[in-house]
Every structure is written in structure tokens, then in C-alpha cells.
Amino acid sequence: MLEHYFPNLSPAQLALFQQLEPLYREWNGKINVISRQDIDNLMERHVLHSLAIPKKFMFKPGAEVLDLGTGGGFPGIPLAIFFPEVQFTLVDGTGKKITVVREVAQALGLSNVTALHSRAEDLKMPHAFDFVVSRAVAPLDSLQAWSRRLIKKKHVHSYPNGVIALKGGNINTEIAALAGHGKRYTEIFPIQNFFAEPFFEEKWVVYVQA
């Protein structure tokens, strides 16, 4: 599946991706962080879904990306494998989920992953980030409000720094609500344009400029 959509992945990257399912099955047996249905479809519903982001956004080496509400490590862990020269900070308010993230990252040898136990609104960081990524965590206006203070002012990517969110269903209401927080440049990318699996119908990558 991954080789089909990302033919330029290295053998080392593919080997890391192949380790994800057994690792998550093992940890899910101890700490339930992924539903039974989803663990049986991990590569499609979690890994490939996370990799919809690099279908549109390529982070430069040295970039710093914050994954807010990472849960068990999505999209942050797959992105860290895909972008080995980018630093990822994965944050979640549930301690047991961050435990799983730390253990998976350590098992894979992902030195570009830092995992923190914190709620998004309480997060205190010594530095800012190029992008904030998130998957099905909160409405866009909340994500934007939490992220604004955490995003660097200096832009070095083709897209200005901002929020990149994986969303599902009808997102028009969320887009409209952003207007109440000041006019923000927004783009929406249907994931079914990237991946043919039926799971990705009505799923989107949404970009909101900081």
C-alpha cells in the first residue's frame, strides 16, 4: 500500500512502517488506545491517513512540527518516519497515550520525536514551531486559537506557517466559524484525490494560515 502511493520511500523507512502494526498490537493489548476495528486496519486508517499530509506539504530538513492531541501517535509517528530530518513534538492530555507514543518511538529508534503529556491550552514551550498538525482533535477555531502562540513568525516553506488538520465529514461549519477569529487564509484538500480507498471519502486535509 505505502509503496504504491510513495514509491520513493527508502528500504529503511518501509521497514519502520512495517514495524508499526505489531508494535501497536502489542501496546494495545496493554493500554487500549486504538479501537479493535481500527487496529485491524491500522495501515490504512492511521498510517496512510497520516501520510495524506505529505501529499501536499513537504517539511524542510530542520523544520519543527507540533502534533497537538496526538493520541497514540497519529499523525506524528508516521510523519516522523517520513521526514527523518524534521523534529516532531507530540502532545496529548492523556498520560497513557503518551506512554505508548514514547515506547513506540523508542522501539523504532525515532530520535526526531519528543512526546509530552499536556493539554493543548496548557502547553508551555521554550520555542515555537513551523507547523501544528492535528487529527480529529478539536474544531478548527479551537485549534487555531491554541496554536497561534506556538507558531513561528518567520516562514521558510512554500506554504506560510500554520495549522494542518486532518478532518472528516462536513467541515463547512468549522470553516465558517474561523471567520469569527479574524480572517484566515484556508485551503481544503480532499484526501480521496490522493488515495483511492473508500475510507478516504469525505476526509480532508485542511490548512489554516497562522
Fill in the blank from the handout: Labelled set (1) -0.31, -0.81, -0.94; (2) -0.36, -0.84, -0.95; (3) -0.62, -0.93, -0.99; log10 I(q)/I(0) by the Debye sum over Cα atoms at q = 0.09, 0.14, 0.15 Å⁻¹ computed from this model equals the value at (1)
Practice task
Quote to one decimal, in nm, the extra length available between Glu121 and Asn193 on full extension: 0.36 nm per residue of separation minus the C-alpha distance between them.
Solution key: 22.6 nm
Practice task
Please go through the residue pairs Lys56/Lys154; Lys96/Lys167; Lys97/Lys154; Lys30/Lys60 and name each one whose alpha carbons sit more than 30 Å apart in this structure.
Solution key: Lys97/Lys154; Lys30/Lys60
Exercise for the section: Among Pro190, Asn161, Ala136, flag the residue with its Cα farthest along the positive direction of the charge dipole of region 106-210, charges on Cβ as +1 for Lys/Arg and -1 for Asp/Glu. Expected result: Asn161
Exercise for the section: Assign unit charges at the C-beta atoms only (+1 for Lys and Arg, -1 for Asp and Glu), then state the dipole size of the chain relative to its Cα centre in Debye, rounded to the nearest 20. Expected result: 680 debye
Exercise for the section: Counting other beta carbons within 10 Å of each Cβ, put Asp38, Asp130, Asp122 in order, fewest first. Expected result: Asp122, Asp38, Asp130
Fill in the blank from the handout: Expressed in angstrom and rounded, the centroid-to-centroid distance over alpha carbons for region 79-145 and region 184-208 is 21 Å
Problem - Shape call, region 64-134: gyration tensor on alpha carbons, a/c limit 1.5 - result: oblate
Problem - Net +/- balance of residues flanking Met43 in space, Cβ distance below 14 Å, scoring K and R +1, D and E -1 - result: -4
Practice task
Compare the peptides 42-49, 28-35, 13-20, 1-8 by average per-residue count of other Cβ atoms within 10 angstrom and give them in order, highest first.
Solution key: 42-49, 13-20, 28-35, 1-8
Problem - Built amide H within the under 5 Å cut-off of Leu90, gap 5+ - result: Asp67, Thr114, Ala115, Leu116
Exercise for the section: Among Arg184, Arg135, Arg36, rank each residue by its count of other Cβ atoms within 10 Å, from fewest to most, as a rough exposure measure. Expected result: Arg36, Arg184, Arg135
Fill in the blank from the handout: Each label sits 7 Å from Cα toward the beta-carbon; between Gln209 and Ser158 the label points are separated, in nm, by 1.6 nm
Exercise for the section: Could you go through region 188-202 in sequence order and give the Karplus-derived ³J(HN,Hα) for each residue, using 6.51 cos²θ - 1.76 cosθ + 1.60 with θ = phi - 60°, rounded to whole Hz, and x for Gly and Pro? Expected result: 10, 10, x, 5, 5, 6, 9, 10, 7, 4, x, 3, 8, 5, 6
Fill in the blank from the handout: At R0 = 25 Å the Cβ-Cβ FRET efficiency linking Arg148 and Lys55, nearest 0.05, sits at 0.45
Exercise for the section: Can you tell me the 0 to 90 degree angle between the C-alpha axis of helix 95-108 and the longest principal axis of the chain, rounded to 10? Expected result: 60 degrees
Problem - Approximate spin-label separation Ala15-Lys30, in nm, with each point projected 7 Å along Cα-to-Cβ - result: 2.4 nm
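Computed from the coordinates by the stated procedures, all read-outs in this text should not be read as laboratory data. If you're wondering where the values come from, they're calculated on a predicted model, not measured in any experiment. Note that each Cβ is placed from the backbone with ideal geometry, even for glycine, and that neighbours are counted across all protein chains shown.
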